[in-house]
Structure formats: C-alpha cells, structure tokens
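I have placed the structure first, in the form of structure tokens, so that the comments after it can refer back to it.
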Amino acid sequence: MVRRRVDTITLARDGAVATITLNRPDVLNALNGTLLNELGATLAELGKDDTLRAVILTGAGPKAFAAGADISELNVLPDAAAGEKQAARGQALTVAFESLRVPVIAAVNGFALGGGCELAMACDIRIASENARFGQPEVNLGILPGYGGTQRTTRLLGEGWAMYLCLTAEMIDAATALRIGLVQKVVPAAELMDEARRIAGLIAGKAPLAIAATKRAIIDGAHLPLADGLALEAKKFGESIVTDDFREGSRAFLDKRAAVFTGR
C-alpha cells in the first residue's frame, strides 16, 4: 500500500483503490480552505489515473467524518459576494466527486454535519458506522447549507426530508439515515473500513468502462425526463457493446471463467 500525506488529507493507494482521509481530527476534520484546496487537487490527480477503479472517502479518528465548514474562516467573509464565492467553491468540489470517472464510497464515521454531510451526499455510495450522525445545522448559525445541501437532500431524500433536515438542523442517527435512504448500509464502527474496501473491491473487479458509463447514466439521467433518461441509457449501452471489455466479459461468461478486463 502506498501512502502520501499533505497538510490536511492523506491519500493511500492499494492496487486499483484509493482512500482519501480527511485529516484534521483535532477539529473534527472541519473543512477549511487548505483542506478544500488539497482535496480538489487530489481529485484532479486521481481523475488522470487510468488504473484507478474506485475511491473511498473517510475521516480521521473515531469522532467525525467531517463536522462541517471551518466557522472561523466563514466568520470573516467580508460581504455577500465573498459568501457566494465560498459557496461556489464548496459546490465545485462536490461536483468534482460526481464528475470523477470512478465511483466514490463515503465511509462515514461519527459526525457528518454541514459541509461534511454535503461531501458524503456527493459520493456515489454511502456506508455508515453505527455511531454516525448526520445533519445540516447551518440555520443554527444564521446561514443555509451552501455546498449543495439544499439541493442534494431534495434529490436524494425528497422535499419533505430536505425541509426537515435543513430547517430543523436536527441531527439524525445512522439507523434513521438508512431508513430514509441517506446511506445504503450501516455497520459496526470496527467494520466500517473493511466493508468500504470490500465494496470498492467488488467495483474494482468489474469492467471499468461499464462502471464509468453506469455512473454517468445514473447521475446525468436522474434529472432528465424519463424518455430522455432512457435515450441516454440506450446510448451508453450501445457504446459498451463495441468495447473489448464486453467481448472479454461475454466470452468469459460463455466459457465459465473469470473475466480479465482491460478498460478498453
């Protein structure tokens, strides 16, 4: 396993799977400007890696995935234009997760609040430890979610739960997050990273072009009229038929052997 550390995140590589760890545990992995910059640069670097098959995003320490934006930085923003620019910066980072060619798995340990919850929602699959807590507490501070919270809660959970989470600022536990569809699995804290790696390994073993096309069809098609979404799906399906990976996958199925995919 290869590891690299910068000021506020660590990047570990194990074969085709990269693990990004938000690494400010002394402040519950709060999202300051340095962390946002380093996370964005890391995503840009990973986006150029054709050997990458999956990414895991988690937080250092047992207490938090990320407890939100660094309020000491937000508190000194001078005017509305600066606030809008800050929100756009955070939103661009969440869009970068969605735009990444490979799936991203959020492994949520402890608090995922505000910007932390927004980062998790931008990931493709979310699993949580039993001690995880989610929330959008921004109205407690006199602001609203600014890194996509009002929009992704609505798209993921529906308008009712979006209103509840964003207007009450109430935290929900992992069991509630599972029930409403905010996360896909809940596991004991000691098993969180093993489960994240297991899921990443499942994805990494599939045809890379098919995985990338499936991610795009789901994300891009989610907000289209059904007819347009089906047309997008059909286009992606047609593109997959002519790949070497499909030829290999179909031959392997017929030969009753494991496929060896090359991403071509």
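What follows is calculated from the coordinates using simple rules that are stated; it is not laboratory data. What you are looking at is a predicted structure, and each value in this text was computed from that prediction instead of being measured. Methodologically, a virtual Cβ is constructed for each residue, glycine included, from the backbone with ideal geometry; neighbour enumeration extends over all protein chains shown.
A cut-off under 13 angstrom between Cβ atoms defines the neighbours of L232, and their net charge, with Lys, Arg +1 and Asp, Glu -1, is 0. Taken along its three principal axes, the alpha carbon spread of the stretch 208-255 comes to 39, 16, 14 Å, from the longest extent down to the shortest. Taking all Cα pairs closer than 8 Å and separated by 6 or more residues, the relative contact order of the stretch 136-251 comes to 16 percent.
Candidates A196, N37, A60 compared by Cα position along the dipole of the chain: farthest toward the positive end lies A196, with charges placed on Cβ. When you restrict to C-alpha pairs under 8 Å that are six or more residues apart and normalise by the size of the stretch 1-92, the relative contact order lands at 28 percent. When Rg and the Kirkwood Rh are both derived from Cα coordinates, the Rg/Rh ratio for the stretch 1-83 amounts to 1.04.
How big is the convex hull of the Cα atoms of the stretch 147-264, per residue, in Å³? So the per-residue hull volume is 157 Å³. Sorting 232-240, 114-122, 149-157 by their mean Cβ neighbour count within 10 Å, with the most densely packed peptide first, gives 114-122, 149-157, 232-240.
When the chain is described by a simple charge dipole with +1 on each Lys and Arg Cβ and -1 on each Asp and Glu Cβ, the residue from V104, G238, G249 located farthest towards its positive end is G249.
Simple point charges give the picture: +1 on the Cβ of Lys and Arg, -1 on the Cβ of Asp and Glu, and for the chain a dipole about the Cα centre of about 840 debye.
For the chain, the fraction of C-alpha pairs more than 24 angstrom apart is 50%.
Across the chain, Cα pairs under 8 Å and at least six residues apart give a relative contact order of 15 percent.
Estimated from helices alone, the mean residue ellipticity of the chain at 222 nm is -15000 deg cm²/dmol (sum of -39500 (n - 2.57) over DSSP H runs with n ≥ 4, per residue). Restricting the calculation to Cα atoms, the stretch 1-153 shows an Rg/Rh of 0.95 when the hydrodynamic-style radius is the Kirkwood one.
Rg over Rh for the stretch 72-229 works out to 0.99, both radii taken from alpha-carbon positions and Rh defined as the Kirkwood radius.
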